[in-house]
Amino acid sequence: MTEIQIDQFIPQVVHEGVLQIREDDAIRCFTCAHRCLLREQKLGVCGTRLNIGNSVKTLVYGNVSSISNNPIEKKPFFHFAPGTSALTVGSWGCNASCPFCQNFDISKQKPTPELARYVSPEQFINMAQARGSEGVSISFSEAATLMLEWNLEVFKLAREGGLYNTIVTNGYMTKEALELMIDAGLDAANVDVKGCEPQVRQICGIALQPVLDNIIHMIDRGVHVELTTLVVPELSDDVECLETIARWIVDSTGPKTPWHLNRYYPSYKYTEPMTSLEVLVQAREKAKTIGLEFVYIGNVGRKGLEDTLCPVCGTLCYERLRLFSRNVATDANGKCQKCGYDIKIRNR
């Protein structure tokens with residue numbers, strides 16, 4: 001843990017963490033699966049939780065790094081509320097240490113006062129409604145977990161205002177944090193399955209099993225779940241690892257679970273060449289052979305790689321390219337209009 005000068009660090013709004021317990025002369029934070037034990041004036045692994053006066057405070061309550069109104073397909077969500085937009089927000093810090101991070105400019109940055117830009121839950125929902133968003137999304141950095149206290153208020157207000165709630169997450173939160181979000185109104189989650197052990201733990205600094213457990217729990221609680229794997233050299237570009245992930249998805253979450261295989265590009269500390277299209281296509285075909293029905297290739301921008309085809313009759317049901325999305329042959333209940341097969345597309 002890191003000791004800091006408090007008066008040089010605290011942003012505009014400091015909020016008490018909802019998940020903490022005293023252990024002797026320290027406080028255990030159990031917002032994320034690191035479950036950091038924090039002594040006075042010590043920061044957690046994420047860089048956003050600080051013990052002040054024997055209480056864990058979050059330094060990212062409404063502390064926004066970026067806001068944008070995005071098509072839901074950008075998250076990516078392909079089987080949830082297609083054609084809608086979500087006002088998307090991120091903050092600072094992360095509880096993982098991926099050296100290839102695609103959002104390193106905010107995830108590797110601690111929430112120092114000069115960066116603080118406070119947006120209240122009410123302001124955020126007002127922004128979403130003013131911009132014509134159909135929902136909200138907590139994304140970019142691991143704000144889905146680290147902005148927990150703010151997210152809970154946002155989700156409740158969004159539900160009251162007729163908006164849906166989504167998160168894009170590495171899934172490394174505690175079950176307690178996840179339960180709070182689901183109870184507050186979480187509708188959908190895109191979860192990053194980074195690869196296989198031991199590489200995930202060694203390279204990204206988080207364990208895989210809590211992520212997998214959380215995915216299953218979300219589905220059990222009725223949350224719409226889509227999965228993403230950024231296919232990264234030395235982490236997840238091994239065909240055997242990708243096969244293992246595909247088999248786990250089929251066996252644990254079902255063959256209709258959408259899986260996004262995304263191309264990695266050099267970023268942050270990683271300089272390896274971008275993922276080859278050959279590896280991505282090979283992984284998709286193998287996953288389909290194993291039994292997955294909806295496997296998409298992202299970050300490539302080539303026609304046909306993100307379309308939804310009916311697994312039974314082959315009909316083009318949804319056509320997508322980059323941020324373009326068009327319903328070709330799917331009915332209001334998410335079924336193929338030609339043969340009636342349930343594509344499991346959850347409309348608004």
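Computed quantities for the displayed model
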quantity: Enumerated helices (runs of 4 or more DSSP H) restricted to region 133-194, each holding at least 1 residues that are free of Cβ contacts under 8 Å to residues at least 60 places away in the same chain and under 17 Å from HIS217 (Cα atoms); calculated: 143-146, 175-184
quantity: Complete set of residues in region 53-64 that are crowded, with 18+ Cβ neighbours inside 10 Å, on the phi < 0 side of the Ramachandran plot and in a loop (DSSP other than H, G, I, E, B); calculated: LEU59, VAL60, TYR61, VAL64
quantity: Test: residue in region 106-122 that is modelled with pLDDT of 95 or more and of a type outside the set (Val, Ile, Thr); calculated: yes
quantity: Region 102-113 residues that are outside the structural domain of LYS194 (by TED's automatic domain parsing), paired with ones that are acidic (Asp, Glu) and surrounded by fewer than 19 Cβ atoms within 10 Å (Cβ to Cβ) (beta carbon under 7 Å, 6 or more apart); calculated: none
quantity: Failed criterion for LEU50 (all others in (1) closer than 30 Å to ILE219 by Cβ; (2) part of a strand (DSSP E or B); (3) among the aliphatic types (A, V, I, L, M) hold); calculated: (1)
quantity: Qualifying positions in region 65-93 - in contact (Cβ under 8 Å) with a residue 60 or more places away in the chain, over 22 Å from HIS224 (Cβ atoms) and part of a loop (DSSP other than H, G, I, E, B); calculated: SER65
quantity: From the options LYS338, LYS269, LYS288, residue that is in contact with a strand residue (DSSP E or B) (Cβ under 9 Å, 6 or more places away or on another chain) and over 21 Å from PHE77 (Cα atoms); calculated: LYS338
quantity: Odd one out for GLU240, checked against (1) within 19 Å of the chain's Cα centre (by Cα); (2) free of Cβ contacts under 8 Å to residues at least 60 places away in the same chain; calculated: (1)
quantity: Every residue from region 25-42 that is at pLDDT 95 or above and in a strand (DSSP E or B); calculated: ALA26, ILE27, ARG28, CYS29, CYS32, LEU37, LEU38
quantity: From ASN95, ASN103, residue being surrounded by fewer than 22 Cβ atoms within 10 Å (Cβ to Cβ) and within 22 Å of ALA33 (Cα to Cα); calculated: ASN103
quantity: Subset tally (residues that are farther than 16 Å from VAL300 by Cα and part of a loop (DSSP other than H, G, I, E, B)) for region 260-270; calculated: 2
quantity: Matching residues, region 267-282, being touching a Pro at 6+ places or on another chain (Cβ under 8 Å) and either in contact (Cβ under 8 Å) with a residue 12 or more places away in the chain or not assigned by TED's automatic domain parsing to the domain that holds SER107 (or both); calculated: TYR268, LYS269, TYR270, GLU272, PRO273, THR275
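Every residue, every condition in (1) crowded, with 22+ Cβ neighbours inside 10 Å; (2) not in a helix (DSSP H, G or I), yes or no:
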position: ALA207; (1), (2): no, yes
position: ASP213; (1), (2): no, no
position: HIS217; (1), (2): no, no
position: LEU235; (1), (2): yes, yes
position: GLU272; (1), (2): no, yes
position: VAL279; (1), (2): no, no
position: LEU305; (1), (2): no, yes
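The values are calculated or read from the model by the stated rules, or taken from the named source; none is laboratory data. Note that the structure is a prediction, hence the values are computed from the model and not measured. Neighbour counts run over all protein chains shown; Cβ positions are idealised from the backbone, glycine included.
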